[in-house]
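Notes for the one structure printed next.
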Amino acid sequence: MALEMVLSPLISVAVKKSADALVEQFCRMWRMDENRKTLRRHLLAVQEKIEDAQERAVGSPAMKEWMQELEAAAQEAVDVLDEFQYEALRSEAISQQPKASSKVNPR
């Protein structure tokens, strides 16, 4: 089934991104680290359940629908974590820029 071929790697990507150093730094900076840790724990738990769910989804429309919803949620998590990475990189780049001189060049 195509769904599980996408879902399992997607969850793995989300788990890896939730442990990314930039994501951790960004979450600590914005006091969201506990939320990040909770997300990571939930993703790891879901990752363990995926294999069993894939077997059940073969004959169960309800399980198939649940897996589709799970895929959408996992994609959303990856998108949010991507935004965190982007913002952390942006903040780092801004902090490393040399300060503009406040002096006006005389003519």
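Any read-out appearing in this document is the output of simple, stated calculations on the displayed coordinates, not a laboratory observation. Bear in mind the structure is a predicted one, so any value in this text is a computation, not a measurement. Quick reminder, even Gly has a Cβ in these numbers, built from the backbone with ideal geometry, and neighbours come from all protein chains shown.
Bridgeable aspartates and glutamates around Lys17 (alpha carbons under 13 Å apart, same-chain partners fewer than 8 residues away excluded): Glu76, Asp79, Asp82, Glu83. In the chain, helices alone account for a calculated mean residue ellipticity at 222 nm of -28500 deg cm²/dmol, with every DSSP H run of four or more residues adding -39,500 (n - 2.57).
Using Cβ counts within 10 Å as a stand-in for footprinting exposure, how do Ser91, Ser18 rank, fewest first? Write down the numbers at each step before the final one.
Working: Ser91 14, Ser18 24.
So the residues, fewest neighbours to most, are Ser91, Ser18.
Give me the percent relative contact order of the chain, please, defined on Cα pairs under 8 angstrom at least 6 residues apart.
On the way: 66 pairs, mean separation 44.0, N = 107.
Relative contact order comes out at 41 percent.
Legend: ranking of residues Ile94, Ile11 from fewest to most surrounding C-beta atoms inside 10 Å; resulting order Ile94, Ile11. In what order do Ser60, Ser8, Ser95 fall by count of nearby beta-carbon atoms within 10 Å, going from fewest to most? Listing Ser60, Ser8, Ser95 from fewest to most nearby Cβ atoms yields Ser95, Ser60, Ser8.
Put simply, the Cα atoms of the chain extend 80, 27, 16 Å along their principal axes, the longest span coming first. In this label model, Glu55 and Lys37 are separated by 3.4 nm, measuring between points 7 Å along each Cα→Cβ vector.
A full extension of the chain between Ala62 and Gln25 corresponds to an added length of 9.4 nm, given 0.36 nm per residue minus the alpha carbon distance.
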